[in-house]
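Engineer: Please find one structure pasted underneath; my questions will follow.
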Ligand code: SAJ
């Protein structure tokens, strides 16, 4: 097998795949980015980007102009194939591996002896072995690895992405990587890619352990946020300011409570814990309760807004923010969107909702058909009397306090205290 990597293909040019492709390309490896969307392929080939991520535009422009990154809709032969496609939740909260398996089938058509296949998508335990099985079935001419293999034709590994949206380029290079091989040899082969650009450590393990490690990281954060959200509900009940409470408790040297908010969004933390619960439903009790607490938060925000609207005789609610967190454009699983949806469906508030989201030009599909909801600019929104902050975007942090002085404000992120 080749340890020297000169070409890589990245399947999926989304929030993780595109930055990954660009970083690898900038380290001297020729990268072919693959995406089913012709629009995304065209944008990337023009040296542009289709997502909001600091500094990514410049990096992509440089590697495309330098001929190091080219995009297309079909996989091509390469030394290393990285799969970075979504793993959505099914309606019954079970993991949907359709995109991963479709990507695997596409990669199988171009696999050559000596290639390394790395699954970076977050997946339930056992998915990397399922990918290996799929490749073995599609390519009976190649020897795929089992857990003891030292001389298989193809190496298969799981190296979960762990980057934080908003700091992706920094974290891609600096974070340690867990690399789980179907066999120890596979992990070693996959390591040769990450060594090229990583400043962090490569931590080698089995594919199954790497899968659960990634899920555990996100479930840990989900449980921690659920604790903060539960505290906020307790504080509402007993008349204590939760932000002051947390700030005081965090002075203890071994306490670090996170921030309560309107719920947990994004495609990772709001999703991954269910992958654990699906694999071990009887054991994953705290993980499931934490999910329920975080999922219940948008409805609690809406209840508060209904009461404030009624008490203050208000017919318009101004909601600031739609993204799932600050300073990004990603709206997947966003609690802010759920809040707007629930206000629209409310029978206790029948007025209008004006929404500000600085990172978009039109309302997302889920909201575009709602006749009571309108996307407006920040200044317009601040003319209204009931203002709800749903996302701690920098633009909202810097709103002058005078503009808010005579308003009724529900600040779910605690940015205007
Ligand atoms: N949130 C709170 N309170 C907090 C922190 C976050 O309500 O104190 C909310 C955010 O507003 C957001 C959600 O939680 O709605 C998730 O945001 P996040 O910043 O905690 O995490 P993500 O989803 O953007 O990225 C996570 C990261 N995982 C961990 O920090 C353990 C990242 O490292 C992963 O790579 C990413 O998931 C992923 O792709 O899995």
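Engineer: Restricting to segment 398-413, name every residue that is outside any loop (DSSP other than H, G, I, E, B), more than 14 Å from the ligand (Cβ to nearest atom) and under 24 Å from residue 263 (Cβ atoms).
Structural biologist: 404, 408, 409, 410
Engineer: Next up: Looking only at residues in segment 123-147 that are out of contact with any strand residue (DSSP E or B) (no Cβ under 9 Å at 6 or more places or on another chain) and in a loop (DSSP other than H, G, I, E, B), which one is surrounded by the most Cβ atoms within 10 Å (Cβ to Cβ)?
Structural biologist: 125
Engineer: Considering only residues that are more than 16 Å from the ligand (Cβ to nearest atom), in contact (Cβ under 8 Å) with a residue 12 or more places away in the chain and part of a loop (DSSP other than H, G, I, E, B), which ones fall in segment 362-382?
Structural biologist: 362, 363, 370, 372, 376, 377, 382
Engineer: Continuing with this model, one more query. Check 55, 35, 39 and return the single one that is under 30 Å from residue 215 (Cβ atoms) and surrounded by fewer than 16 Cβ atoms within 10 Å (Cβ to Cβ).
Structural biologist: The match here is 55.
Engineer: Here's something else I'd like to know. When you scan segment 384-394, do you find a residue that is part of a helix (DSSP H, G or I) and within 16 Å of the ligand (Cβ to nearest atom), even just one?
Structural biologist: Checked segment 384-394: at least one residue is part of a helix (DSSP H, G or I) and within 16 Å of the ligand (Cβ to nearest atom).
Engineer: Tell me which helices (runs of 4 or more DSSP H) are completely within segment 220-325 and hold 1 or more residues being closer than 26 Å to residue 93 by Cα and within 12 Å of the ligand (Cβ to nearest atom), or say none if there are none.
Structural biologist: Passing ranges, in order: 272-279, 285-311.
Engineer: Another one. So, in segment 250-265, exactly how many residues are in contact with a helix residue (DSSP H, G or I) (Cβ under 9 Å, 6 or more places away or on another chain) and surrounded by 12 or more Cβ atoms within 10 Å (Cβ to Cβ)?
Structural biologist: 9
Engineer: Right, another one. Return a yes/no flag: does segment 86-107 have any residue that is under 21 Å from the mean Cα position of the chain (by Cα), within 14 Å of the ligand (Cβ to nearest atom), in contact (Cβ under 8 Å) with a residue 24 or more places away in the chain and loosely packed, with under 15 Cβ neighbours inside 10 Å.
Structural biologist: Checking segment 86-107: at least one residue is under 21 Å from the mean Cα position of the chain (by Cα), within 14 Å of the ligand (Cβ to nearest atom), in contact (Cβ under 8 Å) with a residue 24 or more places away in the chain and loosely packed, with under 15 Cβ neighbours inside 10 Å.
Engineer: In addition: Just for segment 329-355: of the residues that are surrounded by 20 or more Cβ atoms within 10 Å (Cβ to Cβ) and away from the ligand (no atom under 16 Å from the Cβ), which one is farthest from residue 369 (Cα to Cα)?
Structural biologist: 349
Engineer: Condition first: free of Cβ contacts under 8 Å to residues at least 40 places away in the same chain and at positive phi. Can you find one or more residues in segment 254-271 that meet it?
Structural biologist: Checking segment 254-271: not a single residue is free of Cβ contacts under 8 Å to residues at least 40 places away in the same chain and at positive phi.
Engineer: Residue under question is residue 326, and the condition is that it be surrounded by 16 or more Cβ atoms within 10 Å (Cβ to Cβ) and closer than 18 Å to residue 407 by Cα; does it hold?
Structural biologist: Against the criterion (surrounded by 16 or more Cβ atoms within 10 Å (Cβ to Cβ) and closer than 18 Å to residue 407 by Cα), residue 326 does not qualify.
Engineer: Report the residue count in segment 1-20 for those that are within 16 Å of the ligand (Cβ to nearest atom) and within 18 Å of residue 117 (Cβ to Cβ).
Structural biologist: Residues flagged as within 16 Å of the ligand (Cβ to nearest atom) and within 18 Å of residue 117 (Cβ to Cβ) within segment 1-20 amount to 6.
Read-outs: derived from the displayed coordinates by stated rules, not from any lab. Please read all numbers here as calculations on a predicted model, not as lab measurements. Using ideal geometry, Cβ is built from the backbone for each residue, glycine included, and neighbour counts are taken over all protein chains shown.
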